[in-house]
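The structure appears right after this line, and notes come after that.
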Amino acid sequence: MRLPSWRRPLLALLSLPPTAALAAPLRLPVSTRLEASTTWVENIARAPSTTNGIDSLRHEARFTASVLTPLATGVNVIAEADAGYESVPRYPRNTAFTAGARTQLRWKFGLGAYVPVLSTEVALAHRDARIPGDTGWLATAALRLSQRFTDSWRASLTGDWSQHDAAHAPFDVRAHRVLGSLTYDLNATWQLTYGRGSLFGDFTVHASRAGWARALAGQITPAIAQYYNTVAYETTDAYGPGWVTYRVTGRSDFWWLELAPALGRNTSLPLRYERTSTVNRIGVHYRQDLWTLGLLHRF
């Protein structure tokens, strides 16, 4: 018997296996990652006086979603959105939330794994801090050159600029950095990275009420009194009652060593030590040592 024309497509559909009759799910080209860390910071307040040195834990977490779009052979655009949280449990006034967007343009100069890669990046984020003056917008831009030399060795060189357009002047800082890193894959599980760099520009530091009063009164040196009476400062209670936050200009040199074991295909546990040595324009030194246990997971 000849079937009516309207029944033929229906019969063909019903004769297919169940999996073939279902449309393939729509898959968006979105990748996500979660970064979390706990850091033991020696001199977390970045105080110049050893009597004001405070050591404390700092916790950070960040979730990022990114989309990669190929433009041409070896040229990609990466768009990211992220949200972050940071806190110092011992000093809860230093709690802050951030949320922002980032765009990166990446050029790969040739085919294969051993060709240089150049990337440019711009980002804008909003920072909502418990200390009102620390709330504001953070803009950054970076240029990075990366090169893999062998299956085990690779290096990168980065120059970047940042500006925090904060609500109050002590947190309103602008700086640029130059830094490089060298990475060696010991085996399929362990990765070792060494890096160093320098920052030039403004930075925010802190002092106790008594230490700040001595500095302004010239009881440390006349040069310190003359300079500190011209900088932006305010009482924020960031690390205790009466603590003062102020902005100075200078240079910060830093280096780090990181060992990152892989816990699986998408998870690693970076262990990092970093030392930072900072000096302002009149020769006052600030030093920090940071020990970090991190977790990076890509979904």
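The values are calculated or read from the model by the stated rules, or taken from the named source; none is laboratory data. Keep in mind that what you see is a predicted model, and the values were worked out from it rather than measured. Here the Cβ is made from the backbone with ideal geometry for all residues, glycine too, and neighbour counts use every protein chain on show.
What the table below lists for this structure:
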read-out	value
Test: residue in the range 237-260 that is among the basic types (K, R), touching a helix residue (DSSP H, G or I) at 6+ places or on another chain (Cβ under 7 Å) and either at pLDDT below 95 or surrounded by 18 or more Cβ atoms within 10 Å (Cβ to Cβ) (or both)	yes
Selection within the range 28-67 - within 20 Å of the chain's Cα centre (by Cα), of a type in the set (A, V, I, L, M) and surrounded by fewer than 17 Cβ atoms within 10 Å (Cβ to Cβ)	L34, A36, L57, A61, A65, V67
Filter result for the condition that a residue is touching a Lys or Arg at 6+ places or on another chain (Cβ under 6 Å), of a type in the set (V, I, T) and touching a residue at least 60 places away in the same chain (Cβ under 8 Å), over T292, T278	T292
Failed condition for L269, given (1) aliphatic (A, V, I, L, M); (2) within 21 Å of T39 (Cα to Cα); (3) touching a residue at least 60 places away in the same chain (Cβ under 8 Å)	(3)
Candidate set from the range 47-92 (those that are in a loop (DSSP other than H, G, I, E, B) and touching a Ser or Thr at 6+ places or on another chain (Cβ under 7 Å)); member that is nearest to L118 (Cα to Cα)	V88
Selection from the range 223-253 of residues that are in contact (Cβ under 8 Å) with a residue 60 or more places away in the chain, part of a strand (DSSP E or B) and β-branched (V, I, T)	T245
R62 vs. criteria closer than 20 Å to A142 by Cβ, among the basic types (K, R) and out of contact with any Lys or Arg (no Cβ under 9 Å at 6 or more places or on another chain)	no
Leading residue by the ranking (modelled with the highest pLDDT) among those in the range 28-46 that are part of a loop (DSSP other than H, G, I, E, B) and within 28 Å of L118 (Cβ to Cβ)	P29
Filtered residues of the range 167-177 (kept if among the aliphatic types (A, V, I, L, M) and either within 19 Å of N280 (Cβ to Cβ) or touching a Leu at 6+ places or on another chain (Cβ under 8 Å) (or both))	A169, V173, A175
Any hit, the range 212-222, residues being more than 28 Å from L124 (Cα to Cα), in a strand (DSSP E or B) and polar (S, T, N, Q)	no
Qualifying position, being modelled with pLDDT under 95, at negative phi, surrounded by fewer than 16 Cβ atoms within 10 Å (Cβ to Cβ) and in contact with a strand residue (DSSP E or B) (Cβ under 8 Å, 6 or more places away or on another chain), among P70, P25, P18	P70
Residues of the range 148-183 satisfying the condition of being among the aromatic types (F, W, Y) and exposed (fewer than 14 other Cβ atoms within 10 Å of the Cβ)	F149, W153
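Listed here are the residues, each with its yes/no results for (1) among the hydrophobic types (A, V, I, L, M, F, W, C); (2) farther than 30 Å from R298 by Cα.
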residue	(1), (2)
Q226	no, yes
E234	no, yes
W243	yes, yes
S252	no, yes
W255	yes, no
N266	no, no
R272	no, no
T278	no, yes
V284	yes, yes
